[in-house]
Amino acid sequence: MSNSGLHPVDENEQAALPFYREQGNEVALFEHAWRHQLPVLIKGPTGCGKTRFVQHMAARLGRPLYTVACHDDLTAADLVGRHLIGESGTFWSDGPLTRAVREGAICYLDEVVEARKDTTVVLHPLTDDRRILPLERTGETLKAPPEFMLVVSYNPGYQNLLKGMKPSTRQRFLAMSFDFPDPDLELEILRGETGIDAETGQRLVGLAGALRALKDHDLEEAASTRLLVYAATLIKGGFDLRQACRAALIEPLTDDDATLTALMEVVDATLG
């Protein structure tokens, strides 16, 4: 498959894609980046739709997707691959990044700032005009095909001096910022994801707005669209509105008993 051009997505194809509602020009920007072999960095809070967007775009572009959830112990070998010992002796096993390069897939590194600094260095040759992946342990140098794309994401709210993305790495990417959608769009997402009725969906969106107003005051993290979908799923399945909101929206936000009580008061005041 060549990425020299894309055909318009018709209604039947759109219906088969992972559900996603565009907030701006992110779809066109991502398509342009893929077509011109540009790596992409997505910034935004937890649960705002970054991962769903990448899943949607991979399906839209017809490319396999390798997703890596980055963490403190992630090593370069976890991404690139390592020698393993089997019944017939030692053999090489590709990591997800290497498989993505070989297959012309999209490789998505979620919360990339959580990975060790020495791990992200292996990305550098793939994010400039060389588009290569040296495999030092096998002596190979893989040239990424035109269809390959590297996508990374992180939550700027988690950044600090120890876990910020180095400017030398960040400036290798085309970047886009995500945020929680406007209320009307968030309602559309809730209904599209869960089939919840409009009235209940509006009440949930209103509650999310009230909880987000507490961000940076009593909460470290805001109520996400993902959690709203969880709450709507419980309600659609027959759970009481208040119980669903406690399980899906309030309990995940804090472990502090006093804060839990205060947040449930917000729930009661908002939902009535």
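Here, each number is a calculation from the coordinates, and none is a lab measurement. What you see is a predicted model; the values in this text were computed from it and never measured. Glycine also receives a Cβ, built like all others from the backbone with ideal geometry; neighbour counts cover every protein chain displayed.
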For the chain, size of Cβ-based charge dipole, Lys and Arg +1, Asp and Glu -1, in debye: 1020 debye
Highest-fluctuation residue, T75, T233, T138 considered, GNM on the chain with Cα pairs under 10 Å: T138
Computed over segment 11-177: relative contact order in percent, which uses C-alpha pairs under 8 Å that are six or more apart: 31 percent
Additional length obtainable on full extension of the chain from V121 to A28, 0.36 nm per residue less Cα span: 30.6 nm
For the chain, projected area of the alpha-carbon convex hull averaged over all directions, nm²: 17.7 nm²
Cα lying deepest toward the dipole's positive end in segment 39-81, options L65, F53, A77, charges on Cβ: F53
Spatially near lysine pairs across the chain, Cα under 27 Å, sequence gap of 8 or more or different chains: 15
Neighbour-count ranking [beta-carbon atoms within 10 angstrom, fewest first] of R137, R21: R137, R21
Inter-label distance for T75 and R130, nm, one decimal - labels placed 7 Å from Cα along Cα-to-Cβ: 2.3 nm
Spin-label pair R191/R137, simplified geometry with 7 Å Cα→Cβ offset, distance in nm: 5.2 nm
As computed over segment 1-151, the Cα convex hull volume per residue (Å³): 139 Å³
Of the DSSP H helices in the chain, those whose Cα atoms cover at least 20 Å axially and whose Kyte score averages -0.5 or more: 198-212, 257-271
Theoretical gain in end-to-end length, A198 to S88 [0.36 nm per residue, Cα-Cα removed]: 33.6 nm
Dipole of the chain, positive end: most advanced residue of N25, M264, L190 [Cβ charges, Cα centre]: N25
Chain lengthening between A213 and D179 when straightened (0.36 nm per residue, less Cα-Cα): 10.8 nm
DSSP-defined antiparallel bridges as percent of all bridges, the chain, nearest 5: 35 percent
Segment 170-231: relative contact order in percent, alpha carbon pairs under 8 Å with at least 6 residues between: 31 percent
